[in-house]
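Following: one structure in structure tokens, then a few remarks.
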Amino acid sequence: MEYDPLKTRNPGRGLPHAPSYWAATAEAAPPDDGPLTGDIEADVAVIGGGYTGLSCAYHLAKAGVKVAVLEANRPGWGCSGRNGSFSHGSLGRHGYSDWARLWGLDVARALFGEAAAGYATVRELIAEGNINCDVTEGGYMKIAHRESRVAWLREELAALLSYGANVELLEREAISADHFQGQEAFGALRFADAIGLHPLKYAQGLLRMARGAGATVHPESPVGEIRRDGNVRVLVTPGGRVRAREVVLAVNGYGPEQNRATAGRLLPVLSNIVVTRRMTAAEKAEANLVTSHMMSDTRKLLNYFRRLPDDRILLGNRGPLRPTTTAMEAHRSGMLETIRRKFPALHAIDGDYFWGGWVAITMDSMPHVASAADDAKLHYAMGYNGTGVSAASHAGRRLAERLTGDDKVHPILSRRLPRMPFAAFRRLGQAALFSWYRWRDERD
Ligand SMILES: Cc1cc2nc3c(=O)[nH]c(=O)nc-3n(C[C@H](O)[C@H](O)[C@H](O)COP(=O)(O)OP(=O)(O)OC[C@H]3O[C@@H](n4cnc5c(N)ncnc54)[C@H](O)[C@@H]3O)c2cc1C
């Protein structure tokens, strides 16, 4: 867990999955094509075997394109196998009402359509591949953690209704009657279109689909270098090379510094998750935690949480600046305190699983699906700002469509990643910003 993408360019080779609840409850991984050995040719080489890379590979292979996916560790090893499990119509980090303020109503509606299409892509992929990933139907609630935040939820509601979203505002009484008994719940924006899923099983389903469509997927094959040979790009791994017409970079928070096209343009931020032991029957009854909704609060440094199908609580939030053992241990304790504060009935709850992962924040808070300025054959999709289950699955698909001549990427998303000013000092900037957020989150 000491890996820091701003210090080490590549995330390692052949590493095991993070010690997550998901890794502990997944089935045996489906077969892959083994580490790359020798030289192969492909139309498109994809670097990174998460949702972006696997979805892109699946959609390309389905269109008859010869694809090879190169993954440094194992498919789903990055964020895709270890996330918070929420899938809904999310696209970046802005509030929904910000879109209309920034770009006008028509663009905001189009972006909401794109976010909703991302959620639809996840549902389609699960159905098409018959992926058994423990889907929990229910919806998603954004919960006001202070009375003053209800006004912002109302703004969000008005904007979302004008975009045609299926949302409603719940009063605090409705939350305690129908969802849970707890603190920090003064009202909630409820989205009907949202699911929870088993992220690693979903990633492994995509692996099966990509290979079933004809792509090859090579674990333990970190790409160290991309060489140009005329119109061909040569990707060099320890065991062999891929000669390809086009290259897709799908590494998100796990290696933005390794390529000129993305270096200095993303802020990898640690996101941590704790999963508790199972609630006892008495705890469950007292907390009345009957909801099957995915939930998050209105903090800038938000907490996201849900009840898992086996009656554990999953809670995630932004981790420390760096994953040192001391900082991670302190963070784990703090997260358990947060659960106990939100749900007083769980005052004696403890954690069974704890892990972290690197999400990728962008300067403009939006994901980007673009091509490199100095190489029209190098494409990337990344910068999901911590909400990429649907956005990454969908961006992989949009990139595949673009490469097969049917470009549907919205112009706001097809711009190149904006450079971060003073990129060498990103962590300092993060520290200052997070302190300010922490202060603001606890004030009216
Ligand atoms: C703790 C946590 C909780 C989250 N919760 C949610 C949530 O509830 N809902 C939501 O929507 N999103 C969530 N996210 C974000 C979401 O998981 C990600 O946005 C999404 O999975 C990104 O997918 P990806 O395929 O782009 O990247 P990743 O899944 O991170 O995959 C990148 C891969 O690239 C590989 N790689 C890097 N360099 C090389 C190289 N040189 N050669 C070969 N391979 C390489 C890495 O090994 C890695 O496997 C969460 C993320 C984390 C960490």
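About the Cα centre of the chain, what is the dipole size in debye to 20, counting +1 per Lys and Arg Cβ and -1 per Asp and Glu Cβ, all else neutral?
Using Cβ point charges on Lys, Arg, Asp and Glu, the chain gives about 1020 debye.
Let me know the Kirkwood hydrodynamic radius for segment 348-389, please, with Cα pairs as the basis and the value in Å to one decimal.
13.0 Å
Convert each backbone phi in segment 68-74 into a coupling constant with the Karplus relation 6.51 cos²θ - 1.76 cosθ + 1.60 (shift: θ = phi - 60°), then list the ³J(HN,Hα) values in order as whole Hz, x for Gly and Pro.
Going residue by residue, I get 10, 9, 10, 10, 5, 10, 8 Hz, with x marking Gly and Pro.
Which percent, nearest 5, of DSSP beta bridges in the chain are antiparallel?
70 percent
Return the tail of the calculated pair distribution for the chain, meaning the percent of Cα-Cα pairs more than 28 Å apart.
47 percent
At 222 nm, what value in deg cm²/dmol follows for the chain if DSSP H runs of at least 4 each add -39500 (n - 2.57) and the sum is divided by all its residues, to the nearest 500?
Theoretical 222 nm ellipticity from helices: -10000 deg cm²/dmol.
Suppose we flag GluC sites (Glu not before Pro) only when DSSP calls them loop and at most 11 other Cβ atoms lie within 10 Å. Which is the longest uninterrupted stretch of the chain?
Within the chain, the longest run free of exposed GluC sites (Glu not before Pro) spans 28-441.
Quick one: order 195, 412 by neighbouring beta-carbon count within 10 Å, fewest to most.
Lowest count first: 412, 195.
When the Cα centres of segment 275-312 and segment 21-84 are compared, how far apart do they sit, in Å?
Value for the Cα centre distance between the two parts: 32 Å.
Per residue and in cubic angstrom, what volume does the convex hull of the Cα atoms of segment 1-124 have?
Considering the Cα atoms of segment 1-124, their hull volume per residue is 171 Å³.
Once phi is turned into ³J(HN,Hα) by the Karplus curve 6.51 cos²θ - 1.76 cosθ + 1.60 with θ = phi - 60°, what whole-Hz value does each residue of segment 111-120 show in order, with x for glycine and proline?
Result, rounded to whole Hz: 5, 5, x, 5, 5, 5, 5, x, 4, 5.
With θ set to phi - 60° and the Karplus curve 6.51 cos²θ - 1.76 cosθ + 1.60, what are the ³J(HN,Hα) couplings of segment 190-206 in order, to the nearest whole Hz, using x for Gly and Pro?
Running phi through 6.51 cos²θ - 1.76 cosθ + 1.60 with θ = phi - 60° gives 10, 9, 6, 8, 6, 9, x, 9, 8, x, 6, 5, 5, 4, 5, x, 5 Hz.
Over all Cα pairs of segment 208-247, how is the pair count split among 5 Å bins, expressed in % and running from 0 up to the last occupied bin?
Percent of Cα pairs in each bin: 6, 22, 24, 22, 18, 7, 1.
Who wins for biggest fluctuation among 187, 48, 14 in a Gaussian network model of the chain, springs between alpha carbons below 10 Å?
The residue that fluctuates most here is 14.
Quick one: 300, 201, fewest Cβ neighbours within 10 Å first, how do they rank?
300, 201
With a/c under 1.5 counting as rounded, go ahead and sort segment 42-190 into rounded, prolate or oblate using the C-alpha gyration tensor (a ≥ b ≥ c being the square roots of the eigenvalues; past the cut-off, prolate if a/b is larger than b/c, else oblate).
prolate
Starting from one equal scatterer on each C-alpha and no solvent at all, send me the Debye-based log10 I(q)/I(0) for segment 82-148 at q = 0.14, 0.21, 0.28 Å⁻¹, two decimals.
For segment 82-148, the Cα-only Debye profile gives -0.57, -1.01, -1.26.
What FRET efficiency comes out for the pair residue 225/residue 173, r = Cβ-Cβ distance, R0 = 60 Å, nearest 0.05?
0.50
With a 10 Å Cβ neighbour count serving as the proxy for reagent exposure, in which order, fewest first, do 150, 247 appear?
Sorted ascending by nearby Cβ count, the order is 150, 247.
Can you tell me the Rg and Dmax of segment 304-363, counting just the alpha carbons, in angstroms?
12.7, 40
Looking only at 199, 75, 323, which one moves most when the chain is put into a Gaussian network model with springs between Cα atoms under 10 Å?
323
Please give me the summed charge of the neighbours of residue 263: other residues whose Cβ is under 11 Å from its Cβ, Lys and Arg +1, Asp and Glu -1.
Here the charged neighbours net out to +3.
Do the alpha carbons of any pairs in 284/342; 62/377; 201/377 sit beyond 23 Å of each other, and which pairs?
201/377
Quick note: the coordinates plus some simple rules give every number you see, no bench work behind them. Keep in mind that what you see is a predicted model, and the values were worked out from it rather than measured. We place every Cβ from the backbone using ideal geometry, glycine too, and count neighbours over all the protein chains shown.
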